[in-house]
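Data block below; observations after.
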Amino acid sequence: MHQGCQQWADSYQGTGGPDGAWCSSMTDWMNQRMGPNASGQNGMMSGSMMWQDPASMRATCAQWMGTNPSGVPTGADTTEWCDQMIDWMDQHMGDWDNWMMNGPMMGNP
């Protein structure tokens, strides 16, 4: 997920876009909510619940943004960032199911 986010951020066309800190913050938040990492956390999720399809990933990104995460410049339109990131991933990573569920994100080759 971090790699896809970083590739999108590197290609961002707008001004004042996200950077590696934004992607790291998002993936750190996701990791804290998965499996044994989620002990004591509210809302434990599996990875597939967070990114099984573009709508789920968009909702996950919005949920993370609701936590007022680090790495976000004041006044940034983060809703637009989430939308653009998911759209970019959907367009550039090929078949969503294959890349997100069966590819390197899930520990597969």
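Just so it is clear, none of the values below were taken in a lab; they were calculated from the coordinates. Just so we're clear, the structure is a prediction, and the values are computed from it rather than from any experiment. FYI the Cβ positions are ideal-geometry reconstructions off the backbone, even for glycines, and counts take in every protein chain you see.
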Notebook entry, point to check: Once fully extended, how much extra length lies between Thr67 and Gln91, figured as 0.36 nm per residue of separation less the alpha-carbon to alpha-carbon distance?
Noted result: 5.9 nm
Margin query: For the pair Gln7/Ala21, report the inter-label distance in nm, with labels modelled 7 Å from Cα in the Cβ direction.
Written below: 2.5
